[in-house]
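The values are calculated or read from the model by the stated rules, or taken from the named source; none is laboratory data. Just so it is clear, the model here is predicted, and its values are computed rather than measured. All Cβ positions, glycine included, derive from the backbone under ideal geometry; neighbour counts span all protein chains shown.
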């Protein structure tokens, strides 16, 4: 007998949804992930976005679904599934686990998107747990971070652990001058501000202005606005100005990778999200800079790699989250999730 667990990877730009099918007596993590359905994210309101998620789950689920897992680019109180704060999607202070469980009629589990991607990347292609200590950096609209420590997801005291995109990687202070006043998030000098996809968009526009005879400059001359995708494509085709642009972006991410290694001493640091399509154009400079900033006592121990599950790491991790929680959570607790009037939501 088979079971189905639907994974939802919710991003600031797009939503991907797919079903993971397992056999009743398979070990947790074994199974086959179906094709993803991908749609642009409806950012008009929380209600509209929730309606979109429900519609997409209904579209991909097979005859029946055991549970649904959702990865969101937000700080999540995992025990209740409430979105504590959210920068890129309109879900702040929404009890998403309760709402989705009620609307879908099955248990729903909600966690940070980079956290569930990290869970996926700790598993190999056969979905066996192979890395017990892993840090995941998801680079897309923002920069997220996920942690698997000792073979288990690490969420911290409130569910907000792993917000590595908000670590400061470039703040220069001379003498005894005061620390600059903080701005709204993402902060100036943060990894997200300097290394997210929007940063490469900005670098691409700057290169187009500065080098009018470059591939990016020619795009601008045609009335088009160069993007991160254009920069990576031009660099892959050998344009030297685009290559320098992508390398400058990747080097900034490398400082973030070094911070992760110095903090957590993992077996692996994995780079995923949409940025992973840059491949070696991203990985080589990021690794090189990271090695320059890693403490000598830690240098050479952590493997730095691109996500093995590619852009599907998020949706796979969300499905695995649902599977694992159903394996380990008592049946009574799962039942209570679908009863929002109960004060005992777990």
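Just a few scattered comments:
- Residue in region 141-152 that is in contact (Cβ under 8 Å) with a residue 12 or more places away in the chain, within 13 Å of the chain's Cα centre (by Cα) and either outside the structural domain of residue 270 (by TED's automatic domain parsing) or more than 17 Å from residue 259 (Cα to Cα) (or both) present: yes
- When residues in region 288-301 are screened for being in a helix (DSSP H, G or I) and surrounded by fewer than 21 Cβ atoms within 10 Å (Cβ to Cβ), 5 of them pass.
- Considering 60, 83, 99, 72, the condition of being outside the structural domain of residue 139 (by TED's automatic domain parsing) and either more than 19 Å from residue 6 (Cα to Cα) or surrounded by fewer than 20 Cβ atoms within 10 Å (Cβ to Cβ) (or both) is satisfied by 83 alone.
- Among the numbered conditions (1) within 26 Å of residue 237 (Cβ to Cβ); (2) outside any helix (DSSP H, G or I); (3) at pLDDT below 90, the only one that residue 304 does not meet is (3).
- Taking region 139-167 as the range and being touching a helix residue (DSSP H, G or I) at 6+ places or on another chain (Cβ under 8 Å) and part of a strand (DSSP E or B) as the test, the residues that pass are 139, 143, 144, 145, 146, 147, 148, 149, 153.
- Strands (runs of 3 or more DSSP E) within region 53-98 that include 2 or more residues over 15 Å from residue 144 (Cβ atoms) and at pLDDT 95 or above: 67-72
- Count - residues of region 240-273 that are in contact with a strand residue (DSSP E or B) (Cβ under 8 Å, 6 or more places away or on another chain) and in a loop (DSSP other than H, G, I, E, B): 3
- Scan of region 183-197 for residues that are in a helix (DSSP H, G or I) and either surrounded by fewer than 19 Cβ atoms within 10 Å (Cβ to Cβ) or touching a residue at least 60 places away in the same chain (Cβ under 8 Å) (or both), ordered by number: 191, 195, 197
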